[in-house]
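Undergrad: My questions all concern the structure below.
Taken together, the values in this text are just the output of simple stated rules run on the coordinates, not laboratory data. As the structure is a computational prediction, the values presented were derived from the model and not from experiment. Counting neighbours? That spans all protein chains shown, and the Cβs are built from the backbone with ideal geometry, glycine included.
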């Protein structure tokens, strides 16, 4: 087993042929929503035919219009995720989206700063409410 440190905004062209690519709450930290989308699309080049990528990111559930769109942390909106999925589908990739926010007691609690150490599903980040969303994308082939 080995690992390699890679700049998510400059993935080397020779990083290819993998069956699986995973990023966990990472691409919201590459500088902007557009750069985050670019990372996800570029990461698909790292996969072999039929390979799968799994990515999670911050998801703004408070607004589909206003958001934190640039800086150290961005919050992807439903419209951003749908646009990314549309682009991937147009290029032949498989992806299905699920925007269900849950209906349990924990799903309705929004943890304000300073965040508690107990588990939470949604956070107040500035004026927004954020949770995580997962993307599972399959490369054709």
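Undergrad: If every alpha-carbon in the chain counts as one equal scatterer, what log10 I(q)/I(0) does Debye give at q = 0.12, 0.15 1/Å?
TA: Debye output, listed in q order: -0.52, -0.78.
Undergrad: Please give the FRET efficiency for residue 2 paired with residue 56, using the beta carbon to beta carbon distance and R0 = 35 Å, rounded to the nearest 0.05.
TA: 0.90
Undergrad: Using 0.36 nm per residue, how much length does the chain from residue 24 to residue 98 gain when fully extended, once their Cα-Cα distance is taken away?
TA: 24.9 nm
Undergrad: Sticking with this one: Report the paramagnetic label zone for residue 121: residues of region 58-78 whose backbone N is under 14 Å from a point 7 Å from Cα along the Cα-to-Cβ axis.
TA: 61
Undergrad: What's the exposure ranking of 42, 77, going from fewest to most Cβ atoms within 10 Å?
TA: Taking fewest neighbouring Cβ atoms as first place, the list is 42, 77.
Undergrad: I've got another one for you. So, in Å, what gap is there between the alpha-carbon centers of region 75-99 and region 7-64?
TA: Result: 12 Å between the Cα centres.
Undergrad: Let me ask something else. For every helix of n ≥ 4 consecutive DSSP H residues, a contribution of -39,500 (n - 2.57) applies; sum these over the chain, divide by its total residues, and give [θ] at 222 nm rounded to the nearest 500 deg cm²/dmol.
TA: Details: 3 runs with 28 residues, N = 141.
Calculated from helices alone, the mean residue ellipticity at 222 nm is -5500 deg cm²/dmol.
Undergrad: Fewest to most neighbouring Cβ within 10 Å: what's the order for 24, 130, 63?
TA: 24, 63, 130
Undergrad: Could you tell me the relative contact order of the chain? Use alpha-carbon pairs under 8 Å, at least six residues apart, and round to a whole percent.
TA: 27 percent
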